[in-house]
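One structure is given here, and the rest of the page talks about it.
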Amino acid sequence: MKILLCALVAAASAFAALPAYAQSAAAPTPDMPRIEHANGRFAMMVDGKPFLLLGAQIHNSSSWASALPAAWAALEAFHVNTVEAPVYWEQMEPTHGTFDFSNVDLVVTQAREHHLRVVLLWFGAWKNGQNHYVPEWVKGDIKTYPREITAYDKVLDVMSPGSPATLDADKHAFAALMHHLREIDGAQHTVIMVQVENESGSVGSVRDFSPAAQKSFADQVPAELTRTLHLRAGTWSQVFGADADERFEAYSTARYINEVARAGKAEYPLPMYCNVWIAYPVHALENRDRPSAGQEYPSGGPQQANIPIWKAAAPAIDALAPDFYSDDAALFRDVLAAYHRDDNPVLIPETRVDSNFGRELFYALGSGAIGFAPFGIDRSEIPAAPSSAVTPPTGAEDPANNFAVLKPIGEQIARLNFEGKLKTAVEERGTERQTVHLDGADAVISFGFPQSDGAMPPGTQRRQGRALVAQLGPLEFLVTGFDASVSFVASAEDKARNEQLEILRAEEGSYVNGVWRPIRILNGDETDRGLNFSGVQPVVRIRLHKIPLLNLAPGSP
Ligand code: DGJ
C-alpha cells in the first residue's frame with residue numbers, strides 16, 4: 001500500500017512538472033467555438049449557434065497599430081463577419097521566453113469594436129514554405145535551430161522539421177499565445193479559430209537531406225502510419241517508391257505541426273487548421289505533367305496528394321484548408337473534391353478578390369463549406385477602375401455584394417448545410433439552365449437576362465450567374481442568387497404521379513437574430529417567370545404546395 005502511495009505521489013508530481021501541453025488537453029466548455037461533425041458534414045459553432053465564416057485576410061504586415069485602421073475600413077466595406085489576422089512569432093517573442101502580446105491584443109480589442117470575430121494565423125516556423133517569421137534568436141542560431149539542407153548541401157531558409165529544439169521553441173511560443181488568448185478571450189470568444197503555421201512545407205527541396213533527416217529517411221516508416229494507411233511495412237523508399245522524399249517530408253512536417261497544435265489546444269482548445277499552398281497543375285510543356293515538390297509548391301505541406309498522411313499524422317488539426325489562387329473553375333472544383341472528405345470540412349481561408357470570387361464562393365457553399373475568405377482585403381486586388389471601353393463591374397460581379405447578401409443569412413446557411421439541405425448552382429458555358437433536385441421539388445435555375453418565353457436563357461457575358469436554394473421545410477425554401485431566375489417545378493416522378501406545384505407565398509426579407517422578417521410579398525412579374533435575382537439581390541422565402549396536374553376525377557374526359 002505504502003509503495004503504491006509513493007508511486008502515485010511520484011506520478012502526480014511528475015505530472016504537475018510537465019508543461020500543460022503534455023498533460024491532458026483542456027476540456028472545451030459547452031459554448032467554446034468548435035467544429036461539429038455528423039454524417040460527413042460539418043458546422044462551425046460559435047456561441048452555441050451555427051456560424052458561416054465570411055471572412056477576409058488582411059495583408060501579411062497589417063497586424064500593426066499603424067496598418068489596422070485601413071484594414072477595418074476595408075473589412076467593413078466587404079461585409080465580412082470575421083477577420084483573419086497574422087500573429088508574428090518574431091514580434092511576439094523577441095527574446096527567448098519573453099512575450100509581447102501587444103499586437104494580438106490590438107487585433108482582438110479592435111475587432112470587438114468593429115463587431116467582428118477573429119481567426120488568428122500563427123506565423124511560426126513556416127510562412128509560405130520558408131522560415132521568415134522566426135525570431136532573430138532562432139534565425140541567428142542555426143546550430144541549435146537547424147535548417148533544411150538540400151541534396152546538394154545548400155542551407156535553406158526552411159527550418160528542419162525533425163529538430164526537437166525548433167519544435168520545442170515553436171510549441172512553447174504557440175502554447176503561450178493560446179494561454180494568453182484563454183485569459184483575454186476565454187469568456188467572450190472573439191477569436192473563433194487559429195491557423196497553425198502558414199502554408200507549411202519546404203521551398204527549395206523535396207525534403208530535408210540534413211544528416212539527422214537522412215538517418216530517419218533510412219529507417220522504417222513508423223508502423224502507426226503504415227497501419228493507418230493500410231500499407232505494407234518497410235523503409236520510406238520501399239513503401240512510397242518514387243514519392244518517398246515528398247511523403248517523408250509530409251510526415252515530418254505534419255508530426256511537427258500536430259505537436260504545436262496539441263500544445264496550443266492544451267492551453268485553450270480552439271479549432272485549428274492548416275492552410276495549403278496547393279499543387280497547381282503544370283501546363284507549360286507537354287510532358288511536364290506533374291509539378292515538382294519543393295520547386296512549384298512547398299514540399300510536404302498538406303497538398304492534395306499528402307492529405308492521407310496529414311490526416312493520419314496530425315489529428316489535432318481540425319481542417320486542411322486549401323488557398324486558391326487560380327481562375328480555373330474546373331481546378332477549383334477538383335480542389336473542393338479533394339478536401340471535401342468525411343474527415344475534413346471545406347474551408348477556403350485565402351482566395352483572390354477578382355471576378356471569380358462569387359462563383360468560387362457558391363461552389364464552395366455547395367460543397368458544404370464552413371468558411372470562405374479572400375486574401376489581402378486591405379489593399380484591393382480588384383482590377384483598377386475600368387476605362388470607358390470596359391464594362392464596369394455590375395452588382396453580380398462586385399465581390400463585396402456576395403457577403404452583403406449572405407451575411408444576414410449566414411446562420412441559416414451554416415445550419416442547413418450541416419443538415420444536408422443546401423444546394424447551389426453556378427453558371428458555366430453551356431449550362432445556362434440547370435436543375436437542382438430538392439425534397440419534393442426541382443429548382444430550375446436560368447442564368448442571365450432578359451429571359452423570354454420559349455427561349456433558352458442568354459447566360460451572362462462573364463459567367464456570373466449563381467444561385468443558392470436551401471430547404472427550410474416540406475416545400476419551403478430559402479433562395480438567393482445573382483443574375484439568375486429560380487422556378488420550382490414538380491420532379492419528373494411527381495409529374496408521373498399526376499402532381500404539380502404552385503406558389504402559396506413568396507416573401508422577400510431577411511433574418512434578424514435568427515427570426516425571419518419579411519419586407520414584402522412577391523407576386524406577379526416577380527414570381528410568374530421564377531424568382532428574379534438581378535439588380536439588388538433579395539433573399540426570398542418561398543412556400544409551395546402540390547395540386548393535381550390533371551383532373552382525373554371519375555367522369556372527366
Ligand atoms: C499565400 C500566403 O498564405 C499569404 O500569406 C500571402 O503570402 C499570399 N500567398 C500572397 O499572395
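Could you calculate the contour length gain from GLU36 to GLU286, that is, 0.36 nm times the residue separation minus the distance between their Cα atoms, to one decimal place in nm?
So the extension gain works out to 85.6 nm.
Roughly speaking, to the nearest percent, how much of region 92-146's 1.4 Å accessible area is carbon and sulfur?
C and S fraction of accessible area: 52 percent.
Just the accessible area for HIS172, please: 1.4 Å probe, Å², rounded to the nearest 10?
Using a 1.4 Å probe on the heavy atoms, I get roughly 90 Å².
For the chain, what does the relative contact order come out to in percent, with C-alpha contacts under 8 Å and a separation of six or more?
13
Would you calculate the separation in nanometres between label points at GLU296 and ARG529, each defined as 7 Å from the Cα along the Cα-to-beta-carbon direction?
Each label point lies 7 Å from its Cα, and together they span 4.6 nm.
Per the Kirkwood formula on distinct C-alpha pairs, the Rh of the chain is how many angstrom?
When all Cα pairs of the chain are included, the Kirkwood radius is 25.6 Å.
Is region 74-208 rounded, prolate or oblate when judged by the Cα gyration tensor, a ≥ b ≥ c being the square roots of its eigenvalues, rounded requiring a/c under 1.5 and prolate requiring a/b larger than b/c? Could you put the intermediate results ahead of the total?
Values: a/c = 2.84, a/b = 1.84, b/c = 1.54.
Prolate is the answer for region 74-208, as a/c is 1.5 or above and a/b outweighs b/c.
Can you tell which of LEU552, GLY530, VAL512 lies farthest toward the positive end of the dipole of region 509-557, using +1 and -1 charges on the Cβ of basic and acidic side chains (Lys, Arg; Asp, Glu)?
VAL512
Quote to one decimal, in nm, the extra length available between ASP153 and ALA65 on full extension: 0.36 nm per residue of separation minus the C-alpha distance between them.
Extra length available between ASP153 and ALA65 comes to 27.6 nm.
Residues of region 294-308 with backbone nitrogen within less than 20 Å of a virtual label 7 Å along the Cα-to-Cβ line of ALA242, please, listed as ranges.
The answer is 294-301, 303-308.
By a straight-distance test (C-alpha under 18 Å), which lysines pair with LYS139 as possible cross-link partners, with residues fewer than eight away in the same chain excluded?
LYS127, LYS154, LYS171
If you take every DSSP beta bridge whose two residues both sit in the chain, what share of them, in percent to the nearest 5, is antiparallel?
Within the chain, antiparallel bridges account for around 65 percent of the total.
Name the lysines eligible as straight-distance cross-link partners of LYS407: C-alpha to C-alpha under 23 Å, and not fewer than 8 places from it in the same chain.
Candidates past the 8-residue exclusion: LYS49, LYS421, LYS423.
Using +1 at the Cβ of each Lys and Arg and -1 at the Cβ of each Asp and Glu in the chain, identify which of TRP89, THR144, PHE477 lies farthest towards the dipole's positive end.
Going by the Cα projections, it comes out as PHE477.
Taking all protein chains in place and a 1.4 Å probe, what share, in percent, of the accessible surface of region 161-314 do carbon and sulfur account for?
53
Nothing charged except the Cβ atoms of Lys and Arg (+1) and of Asp and Glu (-1): what's the magnitude of the dipole of region 466-554 about its Cα centre? Round to the nearest 20 debye.
Around 180 debye, computed over region 466-554.
With a 1.4 Å probe and every protein chain left in place, work out the accessible area per residue of the chain in Å², rounded to a whole number.
So the chain comes to 44 Å² accessible per residue, rounded to a whole number.
If a helix is a whole DSSP H run, which ones in the chain reach 20 Å or further along their own axis (Cα) and hold a mean Kyte-Doolittle hydropathy of at least 1.6?
2-17
Work out the P(r) tail for region 33-117: percent of alpha carbon pairs separated by more than 21 Å, whole number.
The share of Cα pairs beyond 21 Å in region 33-117 comes to 41 percent.
Calculate the dipole size of the chain relative to its Cα centre from +1 charges on Lys and Arg beta carbons and -1 charges on Asp and Glu beta carbons; express the result in debye to the nearest 20.
Using only the charged Cβ atoms, the result is roughly 1000 debye.
Based on C-alpha coordinates, I'd like the Rg and Dmax of region 447-550, in Å.
Radius of gyration, then largest Cα-Cα span, for region 447-550: 14.5, 43 Å.
Provide the solvent-accessible area of ARG341, counting protein heavy atoms only and rolling a 1.4 Å probe, rounded to the nearest 10 Å².
About 70 Å², rounded to the nearest 10.
Can you give the helix-only mean residue ellipticity at 222 nm for the chain, where every DSSP H stretch with n ≥ 4 adds -39500 (n - 2.57) and the sum goes over all residues, rounded to the nearest 500 deg cm²/dmol?
Value at 222 nm, helices only: -8500 deg cm²/dmol.
Calculate, in nm to one decimal, what LEU231 and ALA496 gain on full extension: separation in residues at 0.36 nm each, minus their alpha carbon distance.
Value of the extension gain: 90.4 nm.
Roughly to the nearest percent, how much of the accessible area of region 475-551 is carbon and sulfur, given a 1.4 Å probe?
Carbon and sulfur: 48 percent of the exposed surface of region 475-551.
The values are calculated or read from the model by the stated rules, or taken from the named source; none is laboratory data. Because the structure is a prediction, the values reported are computed rather than measured. When we count neighbours, we look across all protein chains shown, and the Cβ atoms used for this are built from the backbone with ideal geometry, even at glycine. To get the accessible areas, we keep the full protein, side chains included, count just its heavy atoms, and leave off ligands, DNA and RNA. Shrake-Rupley method; radii C 1.70, N 1.55, O 1.52, S 1.80 Å.
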